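Asks: Here it is: the structure, laid out below.
Values in this text are rule-based calculations from the coordinates and carry no lab data. Note that the structure is predicted; figures quoted are calculated from it, not measured. Neighbour counts are summed over all protein chains in view; Cβ atoms, including those assigned to glycine, are modelled from backbone coordinates with ideal geometry.
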Amino acid sequence: MDPVIDVVGVGNAIVDVIAAVPEPFIAGHGLAKGAMTLVDAQRSDRLYAAMPPAVETSGGSAANTMAGVASFGGSAAYVGKVRNDRLGGVFARDIRSAGVAFDVPPAPEGPPTARCLIQVTPDAERTMNTFLGISALLDPADIDADLVASAAITYCEGYLWDVDVAKAAIRTAMDAARAAGRLVALTLSDSLCVDRHRSEWLDLIDDKVDLVFANEAEAQSLFETDDPAEARRRLAGVVETAAVTRGHRGSVVVSSAGVAEVPARPGSEVVDVTGAGDLYASGFLHGLAAGAPLTRCAELGSLAAAEIIGCIGARPRMELARLL
């Protein structure tokens, strides 16, 4: 049966709360300027109450990627966990307004909906304090096997791998995709994630994954090497296709056909690199679902990344389909 959805993403469902603050706000609340810090519920509640009026949007790495797929004109769905609280409603409404199907029922109990509190100072620096809340407790029961089987590609977020029940949920989604003969993609998310899960991920990639997304640091961490070419060579030995991003130097696609270097696309002035990797993945996945050659998929990734670094946040200012 032909797929009816291009991509379904599985990841953390996080509400981004973005507010402009004066410089003294950072020191006054003991924040690590320019860093991303994980905080507990009490710290998150105090900081949220202290922030000035903010813009609240759906976020999370894989959610950003699905919004990018939809912006290209592709069909996308998302699987993530929220509570039946106010921010859970914000997440659901916003991601649906981005054109992404989101039908996971909100949980009636458990920790609150995840939120990333983002303070933007006058120098354009972003300071982030993230409470993962219930998003980290995605459960195998939250995975709609029929939805996964209906998608050409299932895209899983590495950030979600820190909790056992979420690991089981990702494995459930991957198994449903493979049983339906679909492609499975995994983004390594962060070098620290790789350090924590290296052995498990090597087994997972070899057994269940068709496509890996990583930046050079993550790829090198996966194989504990300082040589990016060696990391790419070893990736080719464990996965059918890998897309390795290299910032302003573009990306490298590794596959059975060989190694292809794709340059970055010239864009506007760099304003904020948040979401560049997420949007690169959206372009690549959109091209792959449409049957484009791998180099064209990487070009679409570069197109989306060049657009997103020219604006604040991880959502494009215009429909990415217009850039085509």
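Asks: Based on Cα positions only, what radius of gyration and what Dmax would you give for the stretch 135-228, in angstroms?
Replies: Taking only Cα atoms of the stretch 135-228, I get Rg and Dmax of 13.2, 42 Å.
Asks: Compute the Rg/Rh shape ratio of the stretch 29-144: radius of gyration over Kirkwood radius, all on alpha-carbon atoms.
Replies: In the stretch 29-144, Rg relative to Rh is 0.98.
Asks: What is the percent of Cα-Cα separations in the stretch 46-99 that go past 15 Å?
Replies: 52
Asks: Excluding residues on the same chain fewer than 8 positions from LYS167, give the lysines whose Cα lies under 21 Å from its Cα.
Replies: Cross-link targets: LYS81, LYS208.
Asks: Using packing as a proxy for protection, rank 291-300, 145-154 so that the peptide with the highest average count of other Cβ atoms within 10 Å comes first.
Replies: 145-154, 291-300
Asks: Give the whole-number value, in cubic angstrom per residue, of the convex hull volume spanned by the C-alpha atoms of the chain.
Replies: Numbers: hull volume 40.7 nm³, N = 324.
Looking at the chain, the number lands at 126 Å³ per residue.
Asks: Could you grab the relative contact order for the stretch 106-189? Cα pairs under 8 Å, six or more apart, rounded to a whole percent.
Replies: On the way: 116 pairs, mean separation 23.0, N = 84.
Once divided by the residue count of the stretch 106-189, the mean separation gives 27 percent.
Asks: Which order, highest average first, do 76-84, 158-166, 102-110 follow once you tally other Cβ atoms within 10 Å for each residue and take the mean per peptide? Spell out each step's value before the answer.
Replies: Values: 76-84: 25.9, 158-166: 18.6, 102-110: 13.6.
Output ranking for 76-84, 158-166, 102-110: 76-84, 158-166, 102-110.
Asks: Turning to a different aspect of this structure: At a threshold of 8 angstrom on Cα-Cα distance, excluding pairs fewer than six apart, so keeping six or more, what relative contact order does the stretch 192-292 reach in percent?
Replies: Reported relative contact order: 19 percent.
Asks: Okay, next question. What distance in nm separates the simple spin-label points at ARG43 and ARG198, each placed 7 Å from Cα in the Cβ direction?
Replies: It works out to 2.7 nm between the two label points.
Asks: In what order do GLU307, GLU230 fall by count of nearby beta-carbon atoms within 10 Å, going from fewest to most? Could you put the intermediate results ahead of the total?
Replies: On the way: GLU307 23, GLU230 13.
Result, fewest neighbours first: GLU230, GLU307.
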